[in-house]
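Everything below concerns the one structure shown next.
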Amino acid sequence: MQLPPALHARLAGAPGAAAPLPVQRDSLAGNAPFRFAARQVRFPREHEFFEDGDVQRHLYLQDVITQVAAEPERPRVPEFTCQVAGCCQAFDALEDYEHHYHTLHGNVCSYCKRAFPSGHLLDTHIQEWHDSLFQILAERQDMYQCLVEGCTEKFRTSRDRKQHLVAHHLYPADFRFDKPRKAQQAWERAGALVQHPSPSVPCGCALTL
Amino acid sequence: MWRGRRGLLRPSGCGVEELRCRRREREAGTREDGVMAVALRKARREQQLVSKRLLRDEATEEAEGGRVVVILGEAQIQEFLRLAQRGIEEKERERALVSLRRGLQHPETQQTFIRLEGSIRTLVGLLTSNQALLQLEAARCLHELSHSEQSAVAEACLPATSYLLTYLSGHSSDFIELCLYTLGNLIVESEAVRRQLLPQGIVPALAACIQSPHLTVLEALGYALSQLLQAKEAPEKIIPLVLGSTLPQHILQLLQPGPKLNLGVAVEFAWCLHYIICSQVNNALLITQGALTTLGLLLLDLAAAVQRTEDAGLELLVCPVVRCLSNLLTEAAAETVGGPMHLQDERVLAALFILLQFFLHKQPSLLPEGLWLLNNLTANSPSFCTSLISLDLIEPLLHLLSVSNVVSVLVLTVLCNVAEKGPAYCQHLWPGLLLPTLLDTLALSDTEVVGQSVELLQLLFLYQPGAAQAFLQQSGLQALQRHEEVAQLQDRVHALQQTALHG
């Protein structure tokens with residue numbers, strides 16, 4: 001299939017449409033028994049027209065078509081330790097350190113040193129646990145925000161919020177990032193503020209809100 | 001660090017052997033009698049084509065002593081889990097999970113694992129621990145499970161999904177990538193998983209995550225989203241949610257041509273767009289967001305790219321872009337002439353022909369799709385039909401007539417699109433190669449090809465003085481004779497014979 005040489009130049013040229021030649025149809029065109037009528041065609045998803053392309057897409061995903069060139073050696077560095085105060089984890093690969101840092105030191109509450117998987121959960125935690133204004137406001141209005149990104153529901157208590165997470169968002173009842181403040185419960189029971197201990201060394205227990 | 005596929009579509013820098021291997025695989029895929037090709041097409045027809053992506057770091061596997069996959073028994077799995085959970089030394093805990101992960105590469109181990117009481121619960125506990133490396137290994141174990149072909153195994157991972165989603169808003173790009181591929185695999189395997197993921201907020205989670213600057217994360221996200229959009233309930237339950245989010249704008253952003261376009265990322269999102277568009281939920285919205293313009297410019301970019309590089313898997317991106325454009329053109333919103341949405345740039349035609357040539361050499365099975373786009377561009381557009389003529393593209397089009405019957409029908413349809421616009425157009429189709437080519441197609445036996453040839457001839461006889469005459473002189477009547485008894489062609493053949501003889 002030989003393409004005219006000027007075509008490549010046209011591609012690289014300025015945008016523009018051709019001034020159309022005059023259209024002049026005869027009423028006999030397309031008359032029975034002839035059937036031709038110029039029309040655009042659309043194909044829905046499962047149409048067999050897409051078969052070949054879909055198969056290629058599948059093969060691509062299964063990695064048959066495009067084999068990755070050999071992965072370069074994982075860069076190993078001389079062993080180093082995490083520089084964050086109180087942490088003595090050692091690493092010999094930068095990616096390992098990246099994950100460690102983000103998991104343990106990334107979104108850390110400066111009040112109680114707890115680590116969170118995301119900034120969003122950290123912000124929620126600080127507000128609900130360390131902001132006395134929040135406590136005051138929570139007496140009069142719904143302040144406990146749903147944890148699911150995009151859901152704007154707010155609740156009176158954290159228990160109500162959990163109820164919503166389970167019933168509406170199908171979250172597990174023991175979702176680890178929604179444990180109620182034990183201090184909160186104790187405070188409610190005893191009417192006194194209890195200092196919550198802060199873990200400074202990872203001990204392998206679940207993160208709590 | 002366990003590293004998955006980074007940038008699957010790499011620029012040249014691959015060895016000759018690899019190119020040969022790819023070509024072999026491709027030929028296997030397109031050979032009509034290729035066993036694998038036939039099986040895959042059958043699966044696709046039966047809507048059972050389940051595509052999953054498996055991330056495995058081959059370098060690590062080599063280091064870990066080759067690819068021997070060990071089948072683990074109940075007792076061994078329990079021991080590894082116990083060590084991982086309660087081991088004293090961190091390295092010991094990590095090693096236990098690594099051993100478990102390797103075992104989980106085998107379907108039998110997967111089955112044993114999910115039947116073991118508390119196994120998933122323990123794994124989820126490790127996934128949510130604040131021991132980073134344990135977390136990673138636990139996630140890799142889940143990833144292996146997600147790749148299973150058994151729905152039961154995928155569904156066993158349900159308790160983990162809320163956490164996988166939560167981690168999407170974290171910052172560790174490798175971990176997020178892993179979570180996304182795992183989610184993508186789970187999504188495609190089971191409707192039960194999707195029924196849970198939607199209320200758990202997967203669409204807003206993806207909409208937030210798509211703002212990541214990391215290419216590996218974006219490619220993984222595109223994969224997961226493409227699986228979500230392919231679900232059979234997608235047009236009713238999923239696509240409206242996606243269209244209502246900020247995802248479409250971000251997707252179009254990621255498809256903008258230019259130096260920042262990443263091929264692996266673009267492939268995933270182009271397929272996402274295709275699934276959205278061909279489901280026909282609200283394509284007008286996409287058009288108002290500039291989809292036609294973006295895709296048109298991308299097509300130009302791709303045509304330029306195929307001229308530069310020998311072989312880089314570009315057809316993997318060209319295919320969905322062509323499909324999106326072609327389907328979008330059929331929307332009423334696309335027809336507003338003069339508006340910014342209207343695709344009326346003859347460079348698109350130039351690009352398409354360069355891509356058709358590319359398909360002809362690399363992937364002939366995609367020619368029909370390219371010609372489908374050509375039909376949709378020319379059917380209602382005198383301007384594009386004029387461009388076909390002024391850019392000298394009629395003859396290259398005729399050269400495609402020998403490829404296959406499907407291609408021939410499409411080529412003839414496009415020629416009819418031009419011819420039906422009247423004498424000014426037919427004038428430019430004549431004389432040249434058209435008549436001898438049509439006489440050749442009349443010698444074929446495929447009914448559809450002959451039928452379309454007859455339609456074209458009728459238009460030429462109508463609009464081009466001297467065409468009927470020349471046809472008769474070139475023994476056209478004899479060429480028509482062999483089709484006189486064919487049911488689908490009879491009436492038209494007779495009518496054409498009459499016109500040729502009597503005008």
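The values are calculated or read from the model by the stated rules, or taken from the named source; none is laboratory data. Since we're looking at a predicted model, the values are computed, not measured. All Cβ positions, glycine included, derive from the backbone under ideal geometry; neighbour counts span all protein chains shown.
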TODO: Go over the candidates A:178, A:123, A:174, A:96 one by one and state the one that is of a type in the set (Asp, Glu), in a loop (DSSP other than H, G, I, E, B) and either without any contact (Cβ under 8 Å) to a residue 24 or more places away in the chain or more than 18 Å from residue B:204 (Cβ to Cβ) (or both).
DONE: A:174
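Pick out the one residue from B:79, B:117 that is more than 13 Å from chain A (Cβ to nearest Cβ), outside any helix (DSSP H, G or I) and modelled with pLDDT of 90 or more.
On the way: B:79 fails: outside any helix (DSSP H, G or I).
Residue meeting the stated conditions: B:117.
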Open item on the list: For the condition surrounded by fewer than 21 Cβ atoms within 10 Å (Cβ to Cβ) and within 20 Å of residue B:172 (Cα to Cα), what is the one hit in B:204, B:235?
Closed with: B:204
Open item on the list: I'd like the residue in the range B:430-471 that is among the aliphatic types (A, V, I, L, M) and over 22 Å from residue B:501 (Cβ atoms) and, out of all such residues, is modelled with the highest pLDDT.
Closed with: B:449
TODO: For the range A:47-58, state whether one or more residues are modelled with pLDDT under 85, surrounded by fewer than 16 Cβ atoms within 10 Å (Cβ to Cβ) and within 30 Å of residue B:50 (Cβ to Cβ).
DONE: no
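Kindly indicate whether any position in the range A:161-169 is in a helix (DSSP H, G or I), modelled with pLDDT under 90 and either in contact with a Pro (Cβ under 8 Å, 6 or more places away or on another chain) or within 18 Å of residue B:128 (Cα to Cα) (or both). Outline the logic, then answer.
Taking the range A:161-169 first, the residues in a helix (DSSP H, G or I) are A:161-167.
Now narrow it down to the ones that are modelled with pLDDT under 90: none.
The answer is no; no qualifying residue exists.
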Task: Positions within the range B:174-198 being at pLDDT below 90 and facing chain A (nearest Cβ under 8 Å), in sequence order - done: B:174
Open item on the list: Quick check on the range B:15-28. Is at least one of its residues assigned to a loop (DSSP other than H, G, I, E, B), at pLDDT below 75 and at the interface with chain A (Cβ under 9 Å from one of its Cβ atoms)?
Closed with: yes
TODO: Considering each of B:429, B:496, B:477, B:459 in turn, give the residue that is more than 10 Å from chain A (Cβ to nearest Cβ) and crowded, with 22+ Cβ neighbours inside 10 Å.
DONE: B:429
TODO: Identify the single condition in (1) farther than 16 Å from residue B:169 by Cβ; (2) under 21 Å from the mean Cα position of the chain (by Cα); (3) modelled with pLDDT under 90 that residue A:115 does not satisfy, given that it satisfies every other one.
DONE: (1)
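Is it the case that residue B:373 is under 24 Å from residue A:60 (Cα atoms), more than 9 Å from chain A (Cβ to nearest Cβ), touching a residue at least 24 places away in the same chain (Cβ under 8 Å) and surrounded by 21 or more Cβ atoms within 10 Å (Cβ to Cβ)?
Details: under 24 Å from residue A:60 (Cα atoms): yes; more than 9 Å from chain A (Cβ to nearest Cβ): yes; touching a residue at least 24 places away in the same chain (Cβ under 8 Å): yes; surrounded by 21 or more Cβ atoms within 10 Å (Cβ to Cβ): yes.
Yes.
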- [ ] Could you check how many residues of the range B:256-269 are surrounded by 24 or more Cβ atoms within 10 Å (Cβ to Cβ) and in contact (Cβ under 8 Å) with a residue 60 or more places away in the chain?
- [x] 1
Open item on the list: Can you say whether residue B:356 is crowded, with 22+ Cβ neighbours inside 10 Å and modelled with pLDDT under 95, as far as the supplied structure shows?
Closed with: no
Open item on the list: What's the total number of residues in the range B:142-153 that are away from every other protein chain (no Cβ under 14 Å) and modelled with pLDDT under 90?
Closed with: 3
TODO: For the range A:20-65, name all the residues that are more than 28 Å from residue B:454 (Cβ to Cβ) and among the polar types (S, T, N, Q).
DONE: A:56, A:62
Open item on the list: Which condition from (1) at the interface with chain B (Cβ under 7 Å from one of its Cβ atoms); (2) under 28 Å from residue B:406 (Cβ atoms); (3) not charged (D, E, K, R) is the one that residue A:21 breaks?
Closed with: (2)
Task: Every residue from the range A:36-52 that is at the interface with chain B (Cβ under 7 Å from one of its Cβ atoms) and part of a loop (DSSP other than H, G, I, E, B) - done: A:36, A:38, A:39, A:40, A:41, A:42, A:43, A:44, A:45, A:46
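Does residue B:321 fit the bill of being more than 12 Å from chain A (Cβ to nearest Cβ), assigned to a helix (DSSP H, G or I), hydrophobic (A, V, I, L, M, F, W, C) and farther than 27 Å from residue B:192 by Cβ? Give the steps one after another, and end with the answer.
Working: more than 12 Å from chain A (Cβ to nearest Cβ): no; assigned to a helix (DSSP H, G or I): yes; hydrophobic (A, V, I, L, M, F, W, C): yes; farther than 27 Å from residue B:192 by Cβ: yes.
Considered against the rule, which asks whether it is more than 12 Å from chain A (Cβ to nearest Cβ), assigned to a helix (DSSP H, G or I), hydrophobic (A, V, I, L, M, F, W, C) and farther than 27 Å from residue B:192 by Cβ, residue B:321 comes out as no.
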Open item on the list: Out of the residues in the range B:387-409 meeting the condition of being at the interface with chain A (Cβ under 10 Å from one of its Cβ atoms), within 21 Å of residue B:442 (Cβ to Cβ) and in contact (Cβ under 8 Å) with a residue 12 or more places away in the chain, tell me which one is nearest to the chain's Cα centre (by Cα).
Closed with: B:406
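Among B:501, B:489, which is in contact with a helix residue (DSSP H, G or I) (Cβ under 7 Å, 6 or more places away or on another chain) and either over 22 Å from residue A:27 (Cβ atoms) or at pLDDT below 95 (or both)?
On the way: B:501 fails: in contact with a helix residue (DSSP H, G or I) (Cβ under 7 Å, 6 or more places away or on another chain).
The match here is B:489.
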Task: Failed item in (1) touching a Leu at 6+ places or on another chain (Cβ under 6 Å); (2) touching a residue at least 24 places away in the same chain (Cβ under 8 Å), with residue B:439 passing the rest - done: (1)
Task: Enumeration of residues in the range B:321-347 that are farther than 11 Å from residue B:376 by Cβ, at pLDDT 80 or above and among the hydrophobic types (A, V, I, L, M, F, W, C) - done: B:321, B:324, B:332
